[in-house]
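Novice: Provided herewith is a single structure, encoded as C-alpha cells, for subsequent inquiry.
The values are calculated or read from the model by the stated rules, or taken from the named source; none is laboratory data. These numbers were taken from a predicted model, which means no experiment stands behind them. Every residue, glycine among them, receives a Cβ derived from its backbone with ideal geometry; neighbour counts consider all protein chains shown.
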Amino acid sequence: MDDPSTQTTLVLTHLSKTLSLSPPQSTHPPATLTGLPTSHTGTAYLFLSVSAHHPRLQIHSYPAIHWARAYISNIPTPSAPISLPSTQETSREGPVIGLLSDALAGPAVRACVTKDLLHVRKFLAILSPVLEHIISSNANANSFSSAPTTNSSAMDLDGPEPTRTTTTTTMQPLPSCLLHGLAGTLYLLRLIRHWVPSSAPLVCGAIVHVSEYLLGPHPWTCPSRSPASSESHSHSHSHSSPRPSPEDTRGTTHGDLGIITQLVLTSPPLAASPALKYRLAGLLDLQLPNGDWPAPPPTSPPTSPNSQHPQSGIQQSSNAPLTPDQTPTQPEPPASPQPPRAFASGPQGLVLSLLSLRPFFPTLHHRIDDAVERAREFLWARAVDSEVPTEEVNLFYGSLSTAL
C-alpha cells in the first residue's frame, strides 16, 4: 500500500469512477448547489488538489486541472451579495456563510482554479455585507469595552450605549461553525490565500475582521444547534447538514473545536490567545476515561412557540467554562437512537483537529498526545467490535472518517 505506483493507480481508479458516475454538468439546478462538501464545487476542488500532488496524472486522457476547470466552469456565480436579515425580519437560521454556502464556495474554488484576482474580488464582493456587519459589530464591541466604568447606572440610561444595544438585539449573532458559519468563511479565505498567493493583500483584511469577531464577545453559535433546525431541515435541505445534527457544541463541523482550528490555522499567532488555549484545554478536560467524548444529546423535536425564548432561535455555545453535562431546561423527550457521529461530531473529527492544532500549542503537547492516543484506542476497539452496528461508508457520519 506504501508503493507510490499502487497509490497512484488507486487514485486514478477512483477519479475515473467519479467522472463516470458524476461528470461535469452544463447546468446546475439550485438544489444541487449545496456547498463544498456535497456538490460539484467540492469535486472541482478535489481535482485541483490532485493536480498539485499528481501533475502528470491523466484521467480519461486529460490532466486533473482540466477536470477542475470543467467542473467549476458552469457553476453559477451569484449576481448579488449575500443578504443578511433586516432588523424587521426574524430569521431562525441566519445566513449560511460556511462550507455549505455555494454562494461563497463556488467563487472561492473558481478563484483557486483560475488564479484570477477578478474572482477573488468577486468573492469578497459577495461577502461584503457580512464583512460590513462584522466591522460594525467589532467597532461597537471595542467602544463598549473601552468605555469608562464609572457612573455605570447613568451611562446605561443616558450614554451612547443604545447603539450597541440596538445592534445586538435586532439581529442574531452570525453563525460561527465550520459548515454554516464564520469558521467556514475563514477556511475559504485561507484556501484562496494558499492557491492564489497574490491575493494575500486582498483577503488579509477580511481574515483579520472575521477573526476579531470570533475572538470578541459574540457567542459561538451554529444553526444545527437550533431547536428549529430539524423543522427547517425539511424545507431548506440545500442549506443544511447532510442530516439533522445533534446539538454538538464541541466537534469539528458544528462545534468549538472546528472554530478554534480554523482561527489558528488561518492566523497561527492567535494560538497565543489565552481564550483559545482555555477553550482547547476545556475540550481536552471533557474526554472520558474510555477515550471518547461525551455524546451530544439527541436532537429534540421542535418546541411550541409558547415555550421558545423570544430573543433567539439559536442555541448558544456558552462562553462560561465548559462542563461535561448540560442540564436541560425542559423535560427530556423519550430516548431515541443516537445518530452516527464520526467526523461530524465524534472523536474522529476531534482527533484530526487536535493533530492539526498540536504544533501551535507547545504547552499542551503532552495532553494532546494523550488525548489522541486514547481516542485512537477507543476507535480501534469499536472498529473490531462485532457487536457494534456497522456504520455506513460515509466520511461525515460513517466509517470512512475512522479509516482517515
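Novice: Looking only at the range 72-86, which residues are within 30 Å of Ser137 (Cα to Cα) and β-branched (Val, Ile, Thr)? Give the derivation first.
Specialist: Kept after step one, since they are within 30 Å of Ser137 (Cα to Cα), are these residues of the range 72-86: 77-86.
Correct list: Thr77, Ile82.
Yes/no matrix, rows are residues, columns are (1) modelled with pLDDT under 70; (2) part of a helix (DSSP H, G or I); (3) in contact with a Phe, Trp or Tyr (Cβ under 7 Å, 6 or more places away or on another chain):
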| residue | (1), (2), (3) |
| --- | --- |
| Ser232 | yes, yes, no |
| His235 | yes, no, no |
| Arg250 | yes, no, yes |
| Leu257 | no, yes, no |
| Leu265 | no, yes, no |
| Ala281 | no, yes, no |
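Novice: Is at least one residue of the range 49-68 assigned to a helix (DSSP H, G or I), at pLDDT below 90 and surrounded by fewer than 18 Cβ atoms within 10 Å (Cβ to Cβ)? Don't jump to the end; show me each part of the working.
Specialist: Filtering the range 49-68 for residues assigned to a helix (DSSP H, G or I) gives 49-53, 64-68.
So of that shortlist, the ones also at pLDDT below 90 come out as none.
The answer is no, given that none of the residues of the range 49-68 is assigned to a helix (DSSP H, G or I), at pLDDT below 90 and surrounded by fewer than 18 Cβ atoms within 10 Å (Cβ to Cβ).
Novice: Considering each residue of the range 255-277, count those that are more than 21 Å from Arg193 (Cβ to Cβ) and either touching a residue at least 12 places away in the same chain (Cβ under 8 Å) or not assigned by TED's automatic domain parsing to the domain that holds Leu350 (or both), and give that number. So that I can check it myself, show each step before the final result.
Specialist: Pass one, the range 255-277, residues more than 21 Å from Arg193 (Cβ to Cβ): 255-257, 274-275, 277.
Subset that is either touching a residue at least 12 places away in the same chain (Cβ under 8 Å) or not assigned by TED's automatic domain parsing to the domain that holds Leu350 (or both): 255-257, 275, 277.
Of the residues in that region, 5 qualify.
Novice: Inspect the range 31-46 for any residue being surrounded by fewer than 12 Cβ atoms within 10 Å (Cβ to Cβ) and either within 24 Å of Leu191 (Cβ to Cβ) or touching a Leu at 6+ places or on another chain (Cβ under 6 Å) (or both) and give the result as yes or no. Show your work before the answer.
Specialist: So in the range 31-46, the residues surrounded by fewer than 12 Cβ atoms within 10 Å (Cβ to Cβ) come out as 31.
If we keep only those that are either within 24 Å of Leu191 (Cβ to Cβ) or touching a Leu at 6+ places or on another chain (Cβ under 6 Å) (or both) too, we end up with none.
No, because not a single residue in the range 31-46 is surrounded by fewer than 12 Cβ atoms within 10 Å (Cβ to Cβ) and either within 24 Å of Leu191 (Cβ to Cβ) or touching a Leu at 6+ places or on another chain (Cβ under 6 Å) (or both).
Novice: Just wondering, is there one or more residues in the range 136-155 that are in a helix (DSSP H, G or I), at pLDDT 70 or above and either on the phi > 0 side of the Ramachandran plot or not polar (S, T, N, Q) (or both)?
Specialist: There is at least one residue in the range 136-155 that is in a helix (DSSP H, G or I), at pLDDT 70 or above and either on the phi > 0 side of the Ramachandran plot or not polar (S, T, N, Q) (or both).
Novice: Further, regarding this structure: I'd like to know if the range 190-199 contains one or more residues that are closer than 14 Å to Ser101 by Cβ, modelled with pLDDT of 95 or more and not assigned by TED's automatic domain parsing to the domain that holds Thr253.
Specialist: First, the residues of the range 190-199 that are closer than 14 Å to Ser101 by Cβ: 191.
Filter once more, keeping what is modelled with pLDDT of 95 or more: 191.
Okay, now just the ones that are also not assigned by TED's automatic domain parsing to the domain that holds Thr253, so 191.
There is at least one residue in the range 190-199 that is closer than 14 Å to Ser101 by Cβ, modelled with pLDDT of 95 or more and not assigned by TED's automatic domain parsing to the domain that holds Thr253.
Novice: Return the total of residues in the range 170-188 being under 15 Å from Ala206 (Cβ atoms) and either assigned to a loop (DSSP other than H, G, I, E, B) or more than 13 Å from the chain's Cα centre (by Cα) (or both).
Specialist: The initial filter retains those residues of the range 170-188 that are under 15 Å from Ala206 (Cβ atoms), namely 174, 181-188.
Imposing the further condition that a residue be either assigned to a loop (DSSP other than H, G, I, E, B) or more than 13 Å from the chain's Cα centre (by Cα) (or both) reduces the set to 174, 181.
Adding up the residues that qualify gives 2.
Novice: Right, something else. What is the number of the single condition among (1) surrounded by 11 or more Cβ atoms within 10 Å (Cβ to Cβ); (2) outside the structural domain of Ala125 (by TED's automatic domain parsing) that Ser5 does not meet?
Specialist: (1)
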